[in-house]
Amino acid sequence: MSRFFKEAIADFLKFTPCSEGTHLFLRRLRDDPDGRIDGIWQGLVDSGQSLDGLKERVAFVGCLGTVWKHSEAASPCN
């Protein structure tokens, strides 16, 4: 995984209140030895859906947290 995403996720976890489930999800992404987040990001850039800048990458990490939060809320286990 790129150093940027490791730092962006660490900052998000440090400064953004969110559920334990969201923390676990983002930590799994941060610690993923296969760097899947980089592949997802590159796909967005290659398809023209995102520019490849610092601001866009930070927003992407925030969106991942939001998507996870809503997926938890939609779970029938809640």
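The values are calculated or read from the model by the stated rules, or taken from the named source; none is laboratory data. The structure presented is a predicted model; accordingly, all values stated were derived computationally and were not measured. No Cβ is skipped: glycine too gets one built from the backbone with ideal geometry, and neighbour counts run over all protein chains shown.
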> Inside the chain, counting only helices (runs of 4 or more DSSP H) that do not spill past its ends, which hold 3 or more residues that are surrounded by 13 or more Cβ atoms within 10 Å (Cβ to Cβ), touching a helix residue (DSSP H, G or I) at 6+ places or on another chain (Cβ under 9 Å) and of a type outside the set (A, V, I, L, M)?
Replying inline: 3-15, 20-31, 54-74
> So which residues in the stretch 3-49 are more than 12 Å from Val61 (Cβ to Cβ) and polar (S, T, N, Q)?
Replying inline: Ser19, Gln42, Ser47, Gln49
> From Gly21, Gly53, which residue is out of contact with any Cys (no Cβ under 8 Å at 6 or more places or on another chain) and more than 22 Å from Glu72 (Cα to Cα)?
Replying inline: Gly53
>> I'd like the full set of residues that are among the hydrophobic types (A, V, I, L, M, F, W, C) and within 15 Å of the chain's Cα centre (by Cα), limited to the stretch 46-78.
In response: Leu54, Val58, Ala59, Phe60, Val61, Cys63, Leu64, Val67, Trp68
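Taking the stretch 42-75 as the region of interest, how many residues are among the basic types (Lys, Arg) and either within 13 Å of Phe25 (Cα to Cα) or in contact with a strand residue (DSSP E or B) (Cβ under 8 Å, 6 or more places away or on another chain) (or both)? Even if it seems obvious, please write down each step before you answer.
Initial filter on the stretch 42-75 (among the basic types (Lys, Arg)): 55, 57, 69.
Imposing the further condition that a residue be either within 13 Å of Phe25 (Cα to Cα) or in contact with a strand residue (DSSP E or B) (Cβ under 8 Å, 6 or more places away or on another chain) (or both) reduces the set to 69.
Matching residues across the stretch 42-75 total 1.
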>> Pairs needed: first member in the stretch 12-41, at pLDDT below 90; second member anywhere, exposed (fewer than 10 other Cβ atoms within 10 Å of the Cβ) and among the acidic types (Asp, Glu); C-beta distance under 8 Å; at least 6 residues apart or different chains.
In response: none
